[in-house]
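Rule-based calculations on the coordinates, nothing more; no lab input. If you're wondering where the values come from, they're calculated on a predicted model, not measured in any experiment. Methodologically, a virtual Cβ is constructed for each residue, glycine included, from the backbone with ideal geometry; neighbour enumeration extends over all protein chains shown.
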Amino acid sequence: MGIEERIKEIEEELKKTQYNKATEHHVGLLKAKMARLELEAESHKKGGGMGFAIPKTGDATVALVGFPNVGKSSLLSVLTNKQSEIGNFAFTTLKVIPGTLDYEGAQIQILDLPGIIENAAVGSGRGREVLSIVRGADLIVIVTDVNVGGIDKIVNELHKGGIVVNRRRKNISFKRTNSGGIRVHKPRKVEINDGEIRDILKEFKITNGELYIRERIDAEDLIDFLRGNTVYVPAIVVINKIDLPHNMEMIKRSVGNIGKIVEVSASKRIGVDRMKSEIYNSLELVRIYLREKSGEIDYSRPLVLSRGAKVEDVGRKISREMVQSFRYAIISGPNRKMNEIRVGLDYEVMDRDVITLISRN
């Protein structure tokens, strides 16, 4: 039996197994076995074929991901005024089409990707090339329409490709040793016991080492860590073609809690403004305006950074020399209680801050 058949067999067993306290150990081991097989399948598929070479531009990159023929190309057009080939048949987009959404002063790169199909993670339908682009995105927009559904299948293919949506990386580390078996260091309140941890490690052929778990995790968190190729990317869900007859409550139930849902019709331009807003908000960007020596402030094109950025990041965005000659910064802004404050390089900036950088020169 080949790797893909074995993966399929495990998937079927997982579907049939009702998850509860009595079965969680068994389910965890099945998921670990499947993750290891997926890694083997990926290693066997290395090389061959042409990839997609898309340079990242702008302040952030958003990937439109979904089954063929759900309207990704139409959405790209209304978001960015970029014309992608549009047709009422599968696999219309055979290459990556980039466009730029100009929103709230940010230049956001939108990528219209070829449709995802079953077994994309192991190479079907150029899936590995598509997923390689998705891995580098700052936000995933999972697109379906009112008739297609299948959001859970898309999320599953992403996960197989080492892409976890709307979850954060857990604080886990591992130190290999040559002997001594497995030693587990973890808090008391962890949803996975030592026996299950050791069995999962054994599935990944790990028999010696020290595992450090510093917060509450479940089996899936541990498996994602052990895969070694996992990236964590925020995502929203877009339901397209809402101008057609549909039952939105049923659709939302099928989506579950995968991510925030936006209802749109690209053809009728319904909900497009809200989609733009949700993309921008989900990227968690901050806009920084620089005050020139003359005292003037250019509000037309801010510096755009990720939330949590510091004054040092602002300086590096301008030039390395700016950081090297930095003396202090003066910050003001509508989100601050004080009119002006004097800060150092490690001070966190806020959206719409106005910054004056003072150098030693």
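Can you tell me the length gained on complete extension of the stretch Ser294 to Asp273, counting 0.36 nm per residue apart and subtracting the Cα distance?
Extra length available between Ser294 and Asp273 comes to 3.9 nm.
Across the range 286-359, the mean sequence separation of Cα contacts (distance under 8 Å, 6 or more residues apart), normalised by length, yields a relative contact order of 39 percent. Expressed to the nearest 5 percent, the antiparallel share of DSSP beta bridges inside the range 202-334 is 60 percent. Model label points for Lys16 and Ile330, set 7 angstrom from Cα along the Cα-to-Cβ axis, are 7.3 nm apart. Note on Ser132 and Arg214: the extension gain reaches 26.5 nm, defined as 0.36 nm multiplied by sequence separation minus the Cα-Cα distance. Note on the chain: helix-only mean residue ellipticity at 222 nm, from DSSP H runs of 4+ residues weighted -39500 (n - 2.57) and normalised by residue number, equals -9500 deg cm²/dmol. Gap in Å between the Cα centre of the range 196-257 and the Cα centre of the range 297-361? What the calculation gives is 36 Å, centre to centre.
How many percent of all Cα-Cα pairs in the range 286-359 sit more than 16 Å apart? Cα-Cα pairs of the range 286-359 separated by over 16 Å account for 42 percent. Per-residue extension of 0.36 nm, minus the Cα-Cα distance of Ile261 and Arg6, leaves a gain of 88.4 nm for this segment.
Name the long-range amide H neighbours of Ile163: under 5 Å, sequence gap of 5 or more, or other chain; modelled H, no Pro or chain starts. For Ile163, whose amide H was placed from the backbone, the distant partners under 5 Å are Val231. Could you tell me which of rounded, prolate or oblate describes the range 248-323, using a ≥ b ≥ c as the square roots of the eigenvalues of the alpha-carbon gyration tensor, with rounded for a/c under 1.5 and, failing that, prolate when a/b is larger than b/c and oblate otherwise? Since a/c reaches 1.5 and a/b is larger than b/c, the shape of the range 248-323 is classed as prolate. Straight-distance candidates among the aspartates and glutamates for linking to Lys310, with alpha-carbon spacing under 17 Å and chain neighbours fewer than 8 residues away dropped: Asp59, Glu284, Glu321, Glu340, Asp346, Glu348, Asp351, Asp353.
Output the Kirkwood hydrodynamic radius of the range 195-242, Cα pairs only, in Å rounded to one decimal. Averaging 1/r across every pair of different Cα atoms and inverting gives 13.3 Å. With distances taken between every two different alpha-carbon atoms, the chain has a Kirkwood hydrodynamic radius of 23.1 Å. In this structure, the amide hydrogen of Gly333, modeled 1.01 Å from its nitrogen in the peptide plane, lies closer than 5 angstrom to those of Val354, counting only residues at least 5 positions away or on a different chain.
Across Lys21, Lys202, Lys95, mean-square fluctuation computed from a Gaussian network of the chain (C-alpha pairs under 10 Å connected) peaks at Lys21. Among beta bridges identified by DSSP and lying wholly in the chain, the antiparallel ones come to about 45 percent. Evaluating 6.51 cos²θ - 1.76 cosθ + 1.60 at θ = phi - 60° for every residue in the range 172-179, the Karplus couplings come out as 10, 9, 9, 10, 6, 10, 7, 7 Hz, glycine and proline recorded as x.
In which sequence would Glu129, Glu40 go, from the one with the fewest C-beta neighbours within 10 Å to the one with the most? Don't skip to the answer; put the middle values down first.
Values: Glu129 19, Glu40 14.
So the ranking, lowest neighbour count to highest, is Glu40, Glu129.
A DSSP coil position with no more than 13 other Cβ atoms inside 10 Å describes the following trypsin sites (Lys or Arg not before Pro) in the range 240-299: Lys268, Arg269, Lys293.
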